[in-house]
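K.L.:
Please read through the structure below; I'll follow up with questions.
The values are calculated or read from the model by the stated rules, or taken from the named source; none is laboratory data. Fair warning: this is a prediction, and the values are worked out from it, not measured in the lab. No Cβ is skipped: glycine too gets one built from the backbone with ideal geometry, and neighbour counts run over all protein chains shown. Keep in mind that these areas ignore ligands, DNA and RNA; they rest on the heavy atoms of the full protein, side chains included. Shrake-Rupley method; radii C 1.70, N 1.55, O 1.52, S 1.80 Å.
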Amino acid sequence: MGHSLIAMLVVLLGGGMKAYAHDNDDFQKRINEQAYRNRFNREPFPDEKTGIKVSKEIPTAAGAEPYVRSDMKMVLMTGDDSISAFDNARKKLFEMFSKDYGVREGIQLSRDANEQVGDVRSTSISNLESALKDLSVGSYEGCLIHMTSHGTQSGFYIKGQDYLTPDKLNQLIKDACGENPTVLLVSACYSGIFAEPKMEAPNRIILTAARKDRTSFGCSAEAVYTYWDGCLVTTLPTVSTWFELAGAMEKCIEAKESGGGFARSYPQARFGALVKDLVISQKVMTIPFPIP
């Protein structure tokens, strides 16, 4: 009788674990549908329009000098394969950061099995952890992380798997990047949950597509990029620093959302005291010696 009860519990628990990821997918589908229905619901008194905040606390640790430039290594990841916009952004940004901005080393993760060719890995939380560790970020180097998918106020959506929560991502970044300059770009609904104080650090720049209580837009089957990823692609060549990029992104998003009559998403930006003036390009500018 005891063995039968144990066997029954194992079956029930096993079925529950298999259904957990499916429940996440169903829940995310409902969130997406709700966001679409409410896309024109503007609040009467908008607040905190820009969401750009700079830490005023300067660390007192020895050698804690502000960073202007750092040799970045990157991880770019998509969480869903239901539309092509996510992988479109991943591939385009990887190309831009590699060719135009001098980021020499990077790892890509995709949720689409058809995209997992060459060095592109399958998206999962454990694979993200491995990718960040594989960068082996050393002295005078930094981390650049871009993630694009759907999302909820629970975390970043990874199809068929658990949500990536702010607590988990914060720990992964701490373990892999430490106190090195770190840039985190999160494109998803409610992605402002990754711009909360517990995610902030003197060495971190965090840009998100929306405030923690807002949806972002552009997740349609015919879209080349989401709104925020599209603005990232188009504004990057027009600025020099990440701080300038945050302002340009805000203007780009406001124009897109206003033009479509959508409610504002209010992208968020957080700048640690050590990285406010960090430049985007990693290319070393050479100045020729004057010809006598």
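K.L.:
So if each residue of separation counts as 0.36 nm, and I subtract the Cα-Cα distance between Arg39 and Ser220, what length gain in nm does that give?
P.N.:
Taking Arg39 through Ser220 to full extension adds about 63.9 nm, to one decimal.
K.L.:
Let me spell out the model: positive unit charges on the Cβ of Lys and Arg, negative unit charges on the Cβ of Asp and Glu, origin at the Cα centre of the range 183-292. What dipole size does that give, in debye rounded to 20?
P.N.:
200 debye
K.L.:
Could you tell me, in Å, what Rg and Dmax come out for the Cα atoms of the range 59-203?
P.N.:
14.9, 49
K.L.:
Can you compute 3J(HN,Hα) from phi for each residue in the range 112-129, using the Karplus curve 6.51 cos²θ - 1.76 cosθ + 1.60 with θ = phi - 60°, rounded to whole Hz and x for Gly and Pro?
P.N.:
These are the phi-based 3J(HN,Hα) values: 8, 4, 5, 8, 7, 10, x, 9, 7, 8, 6, 6, 6, 5, 5, 6, 5, 4 Hz.
K.L.:
A further question follows. What nm value, rounded to one decimal, do you get for the distance between Arg30 and Val239 when each label is placed 7 Å out toward the C-beta?
P.N.:
Distance between label points: 3.7 nm.
K.L.:
Once you have all Cα-Cα distances for the range 161-292, histogram them in 5 Å bins from zero and send the whole-percent values.
P.N.:
2, 10, 18, 20, 18, 14, 8, 4, 2, 2, 1, 1, 0
K.L.:
Sort 26-39, 167-180 by packing, meaning the average of other beta carbons within 10 Å per residue, with the highest value first. Before the final figure, lay out the partial values.
P.N.:
On the way: 26-39: 14.2, 167-180: 16.9.
Packing proxy ranking, top to bottom: 167-180, 26-39.
K.L.:
Can you compute the equivalent ellipsoid semi-axes for the range 136-232, i.e. the square root of 5 times each eigenvalue of the Cα gyration tensor, sorted largest first and rounded to whole Å? Don't jump to the answer; show the numbers that get you there.
P.N.:
Working: eigenvalues 113, 42, 31 Å².
Computed over the range 136-232, the values are 24, 15, 12 Å.
K.L.:
Also: Ile83 to Thr165: extension gain in nm, 0.36 nm per residue of separation minus the Cα-Cα distance? Each step should come with its number before you reach the end.
P.N.:
On the way: separation 82, 0.36 × 82 = 29.52 nm, distance 2.23 nm.
Extra length available between Ile83 and Thr165 comes to 27.3 nm.
K.L.:
Then there is this: Ignoring any ligand, DNA or RNA, what whole percent of the accessible area of the range 85-128 comes from carbon and sulfur when the probe is 1.4 angstrom? Each step should come with its number before you reach the end.
P.N.:
Values: 830 of 2010 Å².
Carbon with sulfur: 41 percent of the solvent-accessible area.
K.L.:
Let me ask something else about it. Please find the FRET efficiency linking Glu129 to Arg104, where r is the Cβ-Cβ separation and R0 is fixed at 22 Å, and quote it to the nearest 0.05. Kindly include the intermediate steps, with their values, before the conclusion.
P.N.:
Details: r = 22 Å, r/R0 = 1.00.
E(calc), rounded to 0.05, equals 0.50.
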